[in-house]
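Novice: Dropping the structure in here first, questions after.
The values are calculated or read from the model by the stated rules, or taken from the named source; none is laboratory data. Bear in mind the structure is a predicted one, so any value in this text is a computation, not a measurement. Note that we place each Cβ from the backbone using ideal geometry, even for glycine, and neighbour counts take in every protein chain shown. Ligands, DNA and RNA are excluded from the accessible area calculation, which covers all protein heavy atoms including side chains. Shrake-Rupley method; radii C 1.70, N 1.55, O 1.52, S 1.80 Å.
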Amino acid sequence: MQSRLQELKQAAMSRLGEISDTQQLQELRVKYLGKKGELTEILRGMGSLSAEERPVVGQLVNEVRGELEAAIAAKQTALNQAAVEAKLAAESLDVTLPGRPLPSGTMHPLSRIIEQAEDIFIGLGFEVAEGPEVELDHFNFEMLNLPKDHPARDMQDSFYITEEILLRTQTSPVQARTMLRKEGKTPVKIICPGKVYRRDDDDATHSHQFTQIEGLVVDRGIRMSDLKGTLLTFARQMFGEDQQIRLRPSFFPFTEPSVEVDIQCIFCGGDGCRTCKQTGWIEILGAGMVHPRVLEMGGYDPREVSGFAFGMGVERIAMLKYGIEDIRHFYTNDVRFLRQFNRV
Ligand code: PHE
């Protein structure tokens, strides 16, 4: 019986040496130490032993059990350790490896101008409004005092989708939409940057799609001087503190009186050059006092409130500010052009 025990121990130990995972270890434990295991079997056979032999064999069985348990526990610890090490090795990360560079884009010059203009006007207490690019004739023209047969509709050759729906030719419909949204409340003080569309043949200065920033202020006692002061502040923050502006009489059906606004030529400082056609001035926007009819249609009483509006071309401002000579650069997406605008 003693030699059976020794054999059993040896067999178990050598099997233990071959084991490489917890599952096998578990099986081994059951095989030798389990309820129906080999060691238990030997214990059962002890009934046939003599009274002297029994304690000796009993002690030996306990020793062997103790050794086996210890060896199995040690093996379990070793297996756990190995598993952790394997996992660490598999998941190891060399933080000294050079990173993969992510190419970053640049901000489009038009977006930069819009952002700067928004900052300026928000600083003056304006809110930024929005309106649809696919617009109703009603808002693009009718609500701006341009009835169906009005000759000034020709000023803006339009892309019609149906009789009543078109791509907006200007951001001015947002004036009408904003007034209706405000339901007669004052003050109204918004700008609206956005895309506009006109049937133009594209060349260096014309584009079938371009960008405008509309402005609208409606409140009690708004005067032309408010318009002038607002635009002067804008011009100085956008083009430099010593900027001057000049207002020339003009015509828009939705403003009365209407003006065109020039800044001093930023290339010659007002002395006269080729860009400003020797005048010293460059036009940047159209503006005026909101026409009483437009206020009325927007739900305001022109005897109580007044307002001013303006609309500027973002491409034009970007071209002046960055010295861009062809409007087509803005939409042909040549990365060599775009990458020049990589600094804030
Ligand atoms: N909507 C006009 C245009 O596109 C510009 C403008 C806006 C003029 C607001 C006056 C007031 O030419």
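Novice: Tell me which of 211, 125, 261 sits at the most positive position along the dipole axis of the chain, charges placed on C-beta atoms (Lys, Arg +1; Asp, Glu -1).
Specialist: 125
Novice: Next up: Express in whole angstrom the spacing between the alpha-carbon centres of segment 58-104 and segment 218-242.
Specialist: Using only Cα atoms, the two centres lie 74 Å from each other.
Novice: A further question on this structure: Which value, in debye to the nearest 20, describes the size of the charge dipole of the chain about its Cα centre when Lys and Arg Cβ atoms bear +1, Asp and Glu Cβ atoms bear -1, and nothing else is charged?
Specialist: 860 debye
Novice: Assuming R0 = 56 Å, can you tell me the calculated FRET efficiency for the pair residue 326 and residue 149, based on Cβ-Cβ distance, to the nearest 0.05? Show your work: numbers first, answer last.
Specialist: Working: r = 37 Å, r/R0 = 0.66.
Efficiency for this residue pair is about 0.95.
Novice: Rolling a 1.4 angstrom probe over the protein heavy atoms, how many square angstrom per residue are accessible across segment 148-246?
Specialist: Accessible area per residue, segment 148-246: 50 Å².
Novice: Sticking with this one: Which pairs in the list 9/35; 9/75; 35/75; 35/87; 195/321; 9/36 are over 23 Å apart, alpha-carbon to alpha-carbon?
Specialist: As for pairs spanning more than 23 Å Cα to Cα, those are 35/87.
Novice: With the full set of protein chains in place, find how many percent of the accessible area of segment 109-342 is carbon and sulfur; take the probe as 1.4 Å.
Specialist: Carbon and sulfur together cover 48 percent of it.
Novice: Collect residues whose amide H, placed 1.01 Å from N in the peptide plane, falls under 5 Å from the amide H of residue 291; neighbours closer than 5 in sequence don't count.
Specialist: Here the answer is 255, 256, since their amide H atoms fall under 5 Å of that of residue 291.
Novice: Here's something else I'd like to know. At 20 °C and 1.002 mPa s, grab the translational diffusion coefficient of the chain from Stokes-Einstein with a Kirkwood Rh over Cα pairs, rounded to a whole number in µm² per second.
Specialist: Here the translational diffusion coefficient equals 80 µm²/s.
Novice: Could you work out what % of the accessible surface of segment 2-90 is carbon and sulfur, using a 1.4 angstrom probe and leaving DNA, RNA and ligands out of the count?
Specialist: Its accessible area is 54 percent carbon and sulfur atoms.
Novice: Pull up the cross-link candidates among the lysines for residue 185, meaning alpha carbon to alpha carbon under 25 Å and not fewer than 8 places away within one chain.
Specialist: The reachable lysines, counting only those whose Cα sits under 25 Å from residue 185, are 228.
Novice: What list of ³J(HN,Hα) couplings, whole Hz, do you get for segment 266-276 from phi and the Karplus terms 6.51, -1.76, 1.60, once you set θ to phi - 60° and write x for glycine and proline?
Specialist: 7, 8, 10, x, x, 6, x, 8, 5, 4, 9
Novice: Measuring from label point to label point, each 7 Å out along Cα→Cβ, what is the residue 59 to residue 205 span in nm?
Specialist: Distance between the two pseudo-spin positions: 11.6 nm.
Novice: How about residue 189: which aspartates and glutamates have a C-alpha closer than 15 Å to its C-alpha, ignoring those fewer than 8 places off in the same chain?
Specialist: 118, 119, 127, 130, 214, 219, 226
Novice: Please give the contour-minus-distance gain from residue 86 to residue 1: 0.36 nm per residue of separation, less the Cα-Cα distance, rounded to one decimal in nm.
Specialist: 26.3 nm
Novice: Gain in length, residue 186 to residue 104, computed as 0.36 nm per residue apart minus the alpha-carbon separation, to one decimal in nm?
Specialist: Result: 25.2 nm gained on full extension.
Novice: What number comes out for accessible area per residue over segment 2-90 if the probe is 1.4 Å? Units Å², please.
Specialist: Spelled out: the 1.4 Å probe surface of segment 2-90, per residue, equals 65 Å².
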